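One structure is given here, and the rest of the page talks about it.
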């Protein structure tokens, strides 16, 4: 586009749409893909820890959890029990020793399940027994002494280890996310590491009452954090880069809406085998089908990063204190713990109290149980609602507090305070972006919309190359810039897909008891992704696409078999036993693998049409793909 010539609005928007999408298109695809996978962050981590697949629900699981805590942490000031749920089959247990302080609330504009210090890094491990672990399920009379002497097993997730330490200083009850999400996500990852209060954490099999020490893994946490923090760079800088890329995405979407005059008519039009016309039809269809989702996810992403991109208003209003701003937005407040009386007393039966809490919240359920001063006459038992009742109050679940000695109700749930308009909007968009309010069906719909977003970005990148085929034919060679985009397209799209599936393979092929295996998993991801670049440069454009897509599809199709051979619950068994978290991963792997194989085959058999015989129109919109 020449700036010395007059251009109409739609032609100018066409130029803006093309280059806004291309400049950061490869990064946007990575953000979209990892963000889409993060909707099943817990399920991914569970799949990558086959030791947890043997856990089964049991009505006596709560009694076993209390018994286990009594053995491993008899003198703790507080116990916390995360109940099993639809996203985790295990009990998540952690405790806070006497004398440790309990933080209340962590300020962060991105609600990210723990925003630990930038030091520590991915894959860091909390204190734990060095070397190889003796077994996966540790039981016996000396459990408590062993844990008090050596600390918990190695972290199930290296990311969680770093985040857990920060929660001990600043993680807050109800201030950041619901009890179900905090508790079940920790329970699903299991193993040792910092709990909500920074203390030890373990997973327990409800059916046996035995501790489960799953393998250390970065799990879904790595994909989730890569989505908005990338990897290996300063956290603030990474969020700046992601924020700018998101802004480019928003600009590309708005300009795309402007230039598509017949946008909904184009949605129902698809002409296969027409070269650029077919890619444009696919781009239009995937854009329009999930357009509300794309607008919501992009705008809410900008909103969550607003304090990073535009911090001046908050700094002025709150004297430069982000903590003060977030404390007001999330209604955080300090709470004082009841002191110990020094008089021993047995704990009241939890089963009838749990039933009373479930009757209080029949729809939301109970997410976590906190027992303060266990074994003391001044014990308190708190039941926390699994989630808030609306998007605006999602982060503010209710709680019920009982006397730990006689089970008398001390604090009934209070009516939820109506949040201010600013806080309600922020909380609502936060919950929408993260999908934490979603039922399994709605989460799958978000996942499907995210996949369409990935296809939208990838098809736009491919269409840029196809639109310039006539220029290459006239020149008799492929210009360096065009070849560079071709190579980056293959490595940025097919290479990333291949790296992601190799990341899952690494979780099973790396020995389970090796030290620092979460870092090795991440290293495998980046090594494969890096190798995709020279492969795309050394092979022809078509060969690179076919080989990387085909290999990614084959490895994805084999993931269920890898799960079965690697100690996990194989697909027929997980379906019969109702382990929907594991079964859903395997079924999704079969579907996505088949689609990647189909894409590789269609690319291999495609016969390109000559630009001299191809008349490429635009469906009433005259979408221009011109040189700058």
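Read the figures in this text as sums done on the coordinates, not as results from a lab. Just so it is clear, the structure is predicted and the values come from calculations on it, not from any experiment. No Cβ is skipped: glycine too gets one built from the backbone with ideal geometry, and neighbour counts run over all protein chains shown.
Worth pointing out:
- Prolate/oblate/rounded call for segment 503-588, Cα gyration tensor, a/c under 1.5 rounded: oblate
- Mean Cβ count within 10 Å, highest first, over the residues of peptides 556-562, 344-350, 69-75: 556-562, 69-75, 344-350
- Segment 456-615 - convex hull of the alpha-carbon atoms, volume per residue in Å³: 133
- Average projection area in nm² (convex hull over Cα atoms of segment 420-533, one quarter of hull surface): 12.0
- When both segment 19-88 and segment 518-590 are represented by their alpha-carbon centers, they are found 20 Å apart.
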